[in-house]
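Below is one structure, written out as structure tokens, with a few remarks after it.
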Amino acid sequence: MDAIKRSGGLPRTALQLTYDAVTYARIRRDSEVPDAHDFAAAIVDQEESLRRLLLKGDTEELRRADKTDGRELEVQLRLRFLAHGLLIERSRSRLEIHPLLRRVLDDE
């Protein structure tokens, strides 16, 4: 399922994408079952939500921390990025930009 892949492995994000897709299905077609267009709209919403969390200078800091262990980040900045799901901590202390946010940053 696209929602799980796009969630970056975060259950809360996968659930949010699914919830939003169901909401779109109800609004658009009075259906309980979302289709690909509903999930696409939910993904765009989530991307925009992540983009709105960015502050001045965050893009550069996120790119600098991507695929590292994050020790070059200030502790408060690292905590904010992780708490909001902007960065995802993978095995062996490896940080990655959330896949949905990466799409936003790549479009800039």
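The values are calculated or read from the model by the stated rules, or taken from the named source; none is laboratory data. As the structure is a prediction and not an experimental result, all values here were calculated from the model. Neighbour counts run over all protein chains shown; Cβ positions are idealised from the backbone, glycine included.
Points worth noting:
- Residues of the range 85-107 that are loosely packed, with under 15 Cβ neighbours inside 10 Å and closer than 17 Å to Glu60 by Cα: Asp106, Asp107.
- Identity of the residue in the range 31-47, closer than 22 Å to Arg102 by Cβ and without any contact (Cβ under 8 Å) to a residue 40 or more places away in the chain, that ends up surrounded by the fewest Cβ atoms within 10 Å (Cβ to Cβ): Ala36
- Condition check for Leu101: under 13 Å from the mean Cα position of the chain (by Cα) and either under 25 Å from Ile4 (Cα atoms) or in a loop (DSSP other than H, G, I, E, B) (or both): yes
- Residue in the range 10-30 that is exposed (fewer than 14 other Cβ atoms within 10 Å of the Cβ), among the β-branched types (Val, Ile, Thr) and assigned to a loop (DSSP other than H, G, I, E, B) present: no
Yes/no per residue for (1) polar (S, T, N, Q); (2) on the phi < 0 side of the Ramachandran plot; (3) at pLDDT below 95:
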{"site": "Asp2", "(1), (2), (3)": "no, yes, yes"}
{"site": "Arg6", "(1), (2), (3)": "no, yes, yes"}
{"site": "Thr23", "(1), (2), (3)": "yes, yes, no"}
{"site": "Arg26", "(1), (2), (3)": "no, yes, no"}
{"site": "Asp38", "(1), (2), (3)": "no, yes, no"}
{"site": "Leu53", "(1), (2), (3)": "no, yes, no"}
{"site": "Gln76", "(1), (2), (3)": "yes, yes, no"}
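- Meets criteria (surrounded by fewer than 13 Cβ atoms within 10 Å (Cβ to Cβ), without any contact (Cβ under 8 Å) to a residue 12 or more places away in the chain, in a helix (DSSP H, G or I) and over 11 Å from the mean Cα position of the chain (by Cα)) for Glu60: yes
- Checklist (1) touching a residue at least 60 places away in the same chain (Cβ under 8 Å); (2) surrounded by fewer than 18 Cβ atoms within 10 Å (Cβ to Cβ) applied to Arg6, failing item: (2)
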